[in-house]
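Quick notes on the structure that follows.
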Amino acid sequence: MRFIFFIFVIFTIQFECSRAYYEYFNMVQQWPVTLCMFRIKGCAVKALPNKFTIHGLWGTNVSAPYPKDCTNEILSPITYGKFLSQIQNEWPDIENGNDKGFVETEWLKHGTCSLNKFTQIEYLQLALDIKNSISLIDVLKNANIVPHKTATYDISDIVRAIKTSHPNEPTLMCKMDPNPRNVIPYLQEIRLCFEDNGITPRNCPGNTRIMCINKNSNNKVFFPA
Ligand SMILES: *[C@@H]1O[C@H](CO)[C@@H](O)[C@H](O)[C@H]1NC(C)=O
């Protein structure tokens, strides 16, 4: 009897550890130039890629509290190694130059929250597949929205361009110049949302213009070169 109970406890612990629930995926891509702006020490990567790179694929919820650090399953070095060159290209750690640490952190904080549906390998593959399925820099370019030192763009034009390839509402995230005299935000991230299967596009919920609208900015943003 005691033995049976023991088995039961072990089983329950295992089950608890592998359980992680999320409601949808938020695929977050970042524009390296903005990422590195207004950083006192700049970025470790000096030759910035001329494309959006992955920040993370977040299995998350519509409303708070948002799931994070869902299990303590660390990213296996074998899994990481399997995707090494793709990570270097599409998911680099621009800020600190530590690609492995960056992906490991993203895995622990966010990837573990979709473990009920995606293993480590499946999760990294999914992030890279989504990244490769839409080239945001090209999607914007097709609408004449190109990185520029001084030009500003209408947020609505950026969203319209994105929707030609991902039909649902994206979230835009921007960074402000610490100098308050510059009221125009800088486009930093484009976030695309998917149902929990990672395939079906869905609208991003909640605030879809994070720091991108400012008093007197007239719904314009910089997309800096
Ligand atoms: C996220 O949503 C799922 C499904 O609705 C729920 O089971 C889970 O507890 C939520 N996570 C958090 C941190 O509230």
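The values are calculated or read from the model by the stated rules, or taken from the named source; none is laboratory data. From a predicted model like this one, the values you see are computed outputs, not experimental measurements. Using ideal geometry, Cβ is built from the backbone for each residue, glycine included, and neighbour counts are taken over all protein chains shown.
See the values below:
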{"read-out": "Positions within the range 51-70 being among the β-branched types (Val, Ile, Thr) and near the ligand (Cβ under 10 Å from one of its atoms), in sequence order", "value": "60, 62"}
{"read-out": "Qualifying residue in the range 101-108 (condition: out of contact with any helix residue (DSSP H, G or I) (no Cβ under 7 Å at 6 or more places or on another chain), within 24 Å of residue 133 (Cα to Cα), at pLDDT 95 or above and acidic (Asp, Glu))", "value": "yes"}
{"read-out": "Total residues in the range 53-82, condition farther than 18 Å from residue 27 by Cα and either aromatic (Phe, Trp, Tyr) or part of a helix (DSSP H, G or I) (or both)", "value": "6"}
{"read-out": "Qualifying residue in the range 75-88 (condition: exposed (fewer than 15 other Cβ atoms within 10 Å of the Cβ), within 16 Å of the chain's Cα centre (by Cα) and either free of Cβ contacts under 8 Å to residues at least 24 places away in the same chain or more than 16 Å from the ligand (Cβ to nearest atom) (or both))", "value": "yes"}
{"read-out": "So residue 175, is it of a type in the set (Lys, Arg), touching a residue at least 24 places away in the same chain (Cβ under 8 Å) and surrounded by 18 or more Cβ atoms within 10 Å (Cβ to Cβ)", "value": "yes"}
{"read-out": "Any chance residue 42 is touching a helix residue (DSSP H, G or I) at 6+ places or on another chain (Cβ under 7 Å), within 21 Å of residue 24 (Cα to Cα) and more than 16 Å from the ligand (Cβ to nearest atom)", "value": "no"}
{"read-out": "Unmet criterion (only one of (1) surrounded by 14 or more Cβ atoms within 10 Å (Cβ to Cβ); (2) modelled with pLDDT of 95 or more) for residue 214", "value": "(2)"}
